[in-house]
Amino acid sequence: MAEPGQVQGSLRNRLAVTLIGGAALLALLLFFVVRSYAAQIAQQGQDSILTASVSSILDAAVLRDDQVEIDFPYAAFSMLTTPADDQVFYAIYRDGELLSGYADLPQQADRAAPKQFQTAQYDGKTVRISTAARTLLGADVRTRITVSVAQTQDALSETLNQISTNVASFGFGFFMLAVLLSFWVSSVTIAPLKRLTTSVTRRGPQDLRPLTKPVPSEMLPLVNSLNTLMRRLNQSLSQSEDFIAEAAHRVRTPLATVRSYAETTLQRVDKEENRQALRSMVRAIDESSRAAGQLLDHAMITFRADHLEHEDLDLGDLVQELVQRLTPVAEMKDIDLVLQIDRPVRLIGDAILLQNAIRNLIDNALKYSPSESVIEISVTASPHPQVAVRDQGAGFPSDEIADLAQRFSRGNNARGTIGSGLGLTIAQDVAAAHGGSLTLSNTAGGGACVIFSV
Amino acid sequence: MRYIFCLILALWPLALSAQNWEDRQIFRGAALHDTAANTDAVQLRILSSTDTAFFIPIIRRFLADRPSVSIEYLVAGSAQIDHIFRQAPAQYDLVISSAMDLQFKLTNDGYAQPIEDLVTPDWAQWRQSLFAFTSEPAAIVIRRADFDGHPIPQTRQELIEAMRARPEVFRNRLGTYDIRRSGLGYLFATQDARASETYWRLTEVMGNLGTRLYCCSGDMITDLANGKLAVAYNVLGSYALARSETASALTVVLAADFPTTMMRTGFVTASAPQPELAKEFIRHLIRVQTQAVDPESFLLPPLIQSQITPAQSTIALGPALMTYLDRLKRRMFLKEWTRAIIR
Amino acid sequence: MKFLLVEDNPDLAAAVCVRLQLDGHTIDHAGTISDAIAFSEIGDYDLILLDIMLPDGDGRSFLKQHRDQKRDTPVIVLTARSQVSDRISMLDLGADDYVTKPFDHEELQARCRAVLRRKAGAAQTVLQLADVTFNPVAGHVTVCGKAVSLRNRELRLLELLFNAPGQIFPKQKLVDRLFSYDEDVSANAIEVYIARLRKHLEGSALKITTLRGLGYRLDHG
């Protein structure tokens, strides 16, 4: 399998976290803004009642015989009733001299132009003070009456607490909604990336065409790089394919020359020791070319097993073609290849790999079979699609059956027969890549039986 | 009964003795009755405007469960209480008074401490500090003998007409609070004046006929009983009914037009030497008036229980109570009242 | 048989030519695709042996051209590649078979016969010696006009002897021709096949004579 890439964070999580963080910030902001706004409004409410109280007292002020009389209404204080039973304090001054009320109630430093509202500490409590003044004109007197009314803020803070609680739960609800939205948005945003990944993953191993599906503009550089990479990969793959082909050609062609000459010479030479040498030469050439071929095959199979081509094929047709191809070789040893196919065996798989694997099995059977024997090849569909190859040779050494399919291992009785250990390994790898297995056993008559199932 | 209650009239040799108390009694728990001179005992000092007789069953019941507690019960006029208390607030654990306005102002001025876990109707408490425990209407008490053959007036207007009809009977035989001296009298007067102009007309009629002014309900009822008075206006009906020897001779009329109703209130002082015990006492007060199982244990009219909100004529506990306590307002009100009633 | 060998490597080409001529075949050699096309247009070949990597192009382009011209001369590809996919694509392009270099000449000839046999209608040589006829491609033998069925090795032995009547074949030479090099057989293994062949030839004028210490010889008449 391909090496998994290094992971550092997740784009989706980062997006979600950013959105959620933003939402949390907004929720907090909302909380504070609404709270301070509510505080302002509540304060305005208290202020307006205090103002009404102050003005109802001021309005009642009259100057009678230079004496100030203030017969203020009962409502001046009753309007200050609150559910929290807030305390009420007041002070009435005439030109800076206390006429009535609480002498120690904080007064404005600037008596000439008092601020209308003031928040101060009185008797250990925070009070809101509203102050107003009025000038009274008598016959020959001019006097200034200043009235301050103060109230504690218990009801105000109760209201504020209640608003805070409401706003907090509203903010939390908003935040939760935003969290849900964030997840939705982040998955929607990440969807094109997922689609791209899927379309790349679904491609066959040979498919190195550039990606042409439209993508969001932010992903275009990635897709462009990917396309460039694939183009280079394609180039380098075909280059190395050409290189391997060229190398094989360079090696195999001289080998073929040598082999041909050796064979020709063998026919012309009479002296037995020279003939023996030539035969060894031919055997060595055969072995080296076969080993090289199988090594390349095995490498190719290992590569392809990671990226199986999935095509619908008929196992029977595939084996039949192989048998036909191998018949001339079998005939040279007077060996009969008997093929039995009970019915079409459809399966999804990689034709090239399957062909290679089964050819290796039949090749092996041909190698180990004696002249004028029969090799039975049967293709069956149930329980799993499988190909069984039975020969009439010496069979597998019983103590080595388990090891036989291991790479490069060779049976004891294979001495003198050109390399075949890799053939079984290839077959087993192909079977495993298709989710199947390779089973080795000996038949009752003593021959080898290999069952390749997928 | 395991406990014996002692009623001791002590002669306390302290600076307080300079004070001119209407009454002063010390109640001791059962465990203390033999050690009269024990000064280490936990003592609760209650400053009250209510006659001792009304509080004896309440205090006894309280001490029944607390044998090692003693209570000093000090009685003064409602206006006096305000004066006495403001001079030495740390010497008293509880202040109980019928002058709602003065009680309210004391609480507003921060002299009371809250009892957070006490559950009472909203209208019967203020700032969880000032607690009402009675509902007592101001009554017109009539000496029945002087109305023989004449209808008993049911409203202030009828009273005015009755007085105008037979001025010779009522001349100098009318009584009411001297609101300059009585806090409760001032409260009733200001609330009456606020409610209706009839009050001033009545006051003027009473002034024309000649009215005796009293400091306390008790004295007025005594003078009604002995015939010095024919009518007493704005008397606490409960006091009249409580005196069995007068009950037959007097008729208590609650003015049908607007019976001004006062609530007796109490609070634990902010600087109470025994705050927990004092709170216990307030809880006890609320409990006994609520239960009312034993009519003998609570002699005062309990809070109106049938209604969620008090009757409209009940004086509300709120900042408005401070209106007539204002120096300017009080001066004006007293000036007008004096002009009306004193000829 | 007449072969066209398309192979750019002169050494290999020479070796293959020598080897095929030794078996009595006629063989022309082309080193490039253009030569091969020129040869195939004039010569009447039984078979074309085609190398894939050529100096002026890919053998596959020759194949395509060859098939496009509707020539049915069988083509056997000589490939140096071992990739299965390469072999398959070769067959898809119209090659009749392929052998991988380096190849066994016996196998090559077996494949040639198999290909020719499949191509019914291709000219087939029937050899005759005394009262025995022999078609080496189809593997048909008649003795005194009667068809006889021979197995593959018997046919190949008969072919060897038929091609050179009167010539002495040492046992070991026959073994080398009939058995593959990875078969571990003794010289005496050939006696079984001589005995079978004699039995098949019973009644005819052809006789296989044993020359003690030298080998075998086909005599007729």
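The values are calculated or read from the model by the stated rules, or taken from the named source; none is laboratory data. Computed from a predicted structure; not experimentally measured. Because the Cβ atoms are built from the backbone with ideal geometry, glycine has one as well, and the counts that use them run over all protein chains shown.
Tell me the residue from A:Leu366, A:Leu354 that is within 47 Å of the chain's Cα centre (by Cα), within 12 Å of another protein chain (Cβ to nearest Cβ), part of a helix (DSSP H, G or I) and in contact (Cβ under 8 Å) with a residue 24 or more places away in the chain, please. Step by step, each of A:Leu366, A:Leu354 is checked, and only A:Leu354 is within 47 Å of the chain's Cα centre (by Cα), within 12 Å of another protein chain (Cβ to nearest Cβ), part of a helix (DSSP H, G or I) and in contact (Cβ under 8 Å) with a residue 24 or more places away in the chain.
Among the residues of region A:209-217, are any assigned to a helix (DSSP H, G or I) and under 23 Å from A:His310 (Cβ atoms)? Among the residues of region A:209-217, not one is assigned to a helix (DSSP H, G or I) and under 23 Å from A:His310 (Cβ atoms), which makes the answer no. Of the numbered criteria (1) small (Gly, Ala, Ser); (2) within 20 Å of C:Leu20 (Cα to Cα); (3) in contact with a helix residue (DSSP H, G or I) (Cβ under 9 Å, 6 or more places away or on another chain), the one C:Ala164 fails is (3). Quick one: would you say A:Leu50 is in contact (Cβ under 8 Å) with a residue 24 or more places away in the chain, among the hydrophobic types (A, V, I, L, M, F, W, C), part of a helix (DSSP H, G or I) and in the same structural domain as A:Leu156 (by TED's automatic domain parsing)? For A:Leu50, the condition - in contact (Cβ under 8 Å) with a residue 24 or more places away in the chain, among the hydrophobic types (A, V, I, L, M, F, W, C), part of a helix (DSSP H, G or I) and in the same structural domain as A:Leu156 (by TED's automatic domain parsing) - is met.
Residues that are out of contact with any strand residue (DSSP E or B) (no Cβ under 9 Å at 6 or more places or on another chain), within 11 Å of another protein chain (Cβ to nearest Cβ) and assigned to a strand (DSSP E or B) occur at least once in region A:56-69. List every residue pair whose Cβ atoms lie under 8 Å apart, where the two residues are 6 or more positions apart in sequence or sit on different chains, the first residue falls within region C:1-25 and is more than 9 Å from chain A (Cβ to nearest Cβ), and the second residue, located anywhere, is among the hydroxyl-bearing types (Ser, Thr, Tyr) and surrounded by 19 or more Cβ atoms within 10 Å (Cβ to Cβ). From residues that are more than 9 Å from chain A (Cβ to nearest Cβ), the pairs are C:Lys2/C:Tyr45; C:Phe3/C:Tyr45; C:Leu4/C:Ser40; C:Leu4/C:Tyr45. On the given criteria, is C:Val132 of a type in the set (Val, Ile, Thr) and away from chain A (no Cβ under 14 Å)? Yes; evaluated as a whole, the condition is true for this residue. Scan region C:141-186 residue by residue and report those that are assigned to a loop (DSSP other than H, G, I, E, B), out of contact with any strand residue (DSSP E or B) (no Cβ under 7 Å at 6 or more places or on another chain), over 17 Å from A:Ser280 (Cα atoms) and within 14 Å of another protein chain (Cβ to nearest Cβ). Selection gives C:Ser149, C:Arg151, C:Ala164.
Kindly indicate whether C:Leu63 is part of a helix (DSSP H, G or I) and modelled with pLDDT under 85. Here the answer is no, as C:Leu63 does not meet what is asked. Condition first: loosely packed, with under 15 Cβ neighbours inside 10 Å and away from chain C (no Cβ under 11 Å). Now tell me which residues in region A:318-348 satisfy that. Listed by number, the residues that qualify are A:Val338, A:Gln340, A:Asp342, A:Arg343, A:Pro344, A:Arg346, A:Ile348.
All of A:Ile163, A:Ile145 fail the test of being touching a Leu at 6+ places or on another chain (Cβ under 8 Å) and buried (at least 16 other Cβ atoms within 10 Å of the Cβ), apart from A:Ile145. Note on region C:28-53: residues that are in contact with a strand residue (DSSP E or B) (Cβ under 7 Å, 6 or more places away or on another chain) and within 12 Å of another protein chain (Cβ to nearest Cβ) total 3.
Being facing chain C (nearest Cβ under 9 Å), surrounded by 14 or more Cβ atoms within 10 Å (Cβ to Cβ) and farther than 17 Å from A:Asn364 by Cβ holds for only one residue in A:Met281, A:Met300, and it is A:Met300.
Yes or no, residue by residue, for (1) in contact with a helix residue (DSSP H, G or I) (Cβ under 6 Å, 6 or more places away or on another chain); (2) of a type in the set (S, T, N, Q):
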residue	(1), (2)
A:Leu193	no, no
A:Leu220	no, no
A:Arg232	no, no
A:Thr253	yes, yes
A:Ile285	yes, no
A:Leu296	no, no
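Applying the condition of being more than 7 Å from chain C (Cβ to nearest Cβ) and assigned to a helix (DSSP H, G or I) to region A:259-271 and asking which residue is nearest to the chain's Cα centre (by Cα) yields A:Ala262.
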